[in-house]
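Asker: Here it is, the structure, as structure tokens.
The values are calculated or read from the model by the stated rules, or taken from the named source; none is laboratory data. Everything quoted here is computed from the prediction, not taken from an experiment. FYI the Cβ positions are ideal-geometry reconstructions off the backbone, even for glycines, and counts take in every protein chain you see.
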Amino acid sequence: MSGAISVALGAGVAFLIGATVPILISVITPVTWRDECTILAVAVALEFTSIILARLGHTRIWQPLARSVFIGLAALGSSYFVGSMLL
């Protein structure tokens, strides 16, 4: 298996694991803490997947980590804002 394919498969698995964390948190936490716990879970999942992908790609960790967390939380915040405006 070539290096690019193994990195792509690793990325897919990392994002699958990272996506299950916030979903599980939103299901098991009380309604009063759901938003805060989901934001925290998303931040941790983004950090986790960024570190895994940086290690698999043999690249530096800090740039992908900062980019992924910033963009991911910005996307989460904008989708939360749009959703709250629609409801």
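Asker: Working only within region 13-72, note down all residues that are of a type outside the set (S, T, N, Q) and in contact with a Phe, Trp or Tyr (Cβ under 7 Å, 6 or more places away or on another chain).
Answerer: GLY18
Asker: OK, next. Quickly run through region 39-64 and pick out the residues that are free of Cβ contacts under 8 Å to residues at least 24 places away in the same chain and closer than 16 Å to ALA19 by Cα.
Answerer: Those that are free of Cβ contacts under 8 Å to residues at least 24 places away in the same chain and closer than 16 Å to ALA19 by Cα: LEU40, ALA41, VAL44, GLU47, SER50, ILE51.
Asker: Of the conditions (1) of a type in the set (S, T, N, Q); (2) exposed (fewer than 14 other Cβ atoms within 10 Å of the Cβ); (3) within 21 Å of ALA75 (Cα to Cα), THR38 fails just one. Which one is it?
Answerer: Unmet condition: (2).
Asker: Within region 26-50, which residues are part of a helix (DSSP H, G or I), more than 27 Å from GLN63 (Cβ to Cβ) and at pLDDT 85 or above? Outline the logic, then answer.
Answerer: Within region 26-50, the first condition is being part of a helix (DSSP H, G or I), and the residues that meet it are 26-28, 31-50.
Filter once more, keeping what is more than 27 Å from GLN63 (Cβ to Cβ): 26-28, 31-37.
VAL27, ILE28, VAL31, THR32, TRP33, ARG34, ASP35, GLU36, CYS37 - these are the residues of region 26-50 that are part of a helix (DSSP H, G or I), more than 27 Å from GLN63 (Cβ to Cβ) and at pLDDT 85 or above.
Asker: Mind listing just one residue for me: the one in region 41-56 that is out of contact with any Pro (no Cβ under 8 Å at 6 or more places or on another chain) and closer than 17 Å to GLY10 by Cα and, of those, surrounded by the most Cβ atoms within 10 Å (Cβ to Cβ)? Step through it out loud before you land on a result.
Answerer: Just the residues of region 41-56 that are out of contact with any Pro (no Cβ under 8 Å at 6 or more places or on another chain), to begin with: 43-44, 46-49, 51-52, 55-56.
Going one step further and asking which of them are closer than 17 Å to GLY10 by Cα, we end up with 46-49, 51-52, 55-56.
Details: LEU46: 23, GLU47: 16, PHE48: 15, THR49: 25, ILE51: 15, ILE52: 17, ARG55: 12, LEU56: 17.
This residue is THR49.
Asker: Let me ask something additional. Which residue, of VAL21, VAL69, VAL31, is β-branched (Val, Ile, Thr) and over 12 Å from the mean Cα position of the chain (by Cα)?
Answerer: Matching residue, one of VAL21, VAL69, VAL31: VAL31.
Asker: Kindly check whether there is at least one residue in region 65-77 that is at pLDDT 85 or above, exposed (fewer than 11 other Cβ atoms within 10 Å of the Cβ) and either touching a Lys or Arg at 6+ places or on another chain (Cβ under 7 Å) or of a type in the set (Val, Ile, Thr) (or both).
Answerer: No: zero hits.
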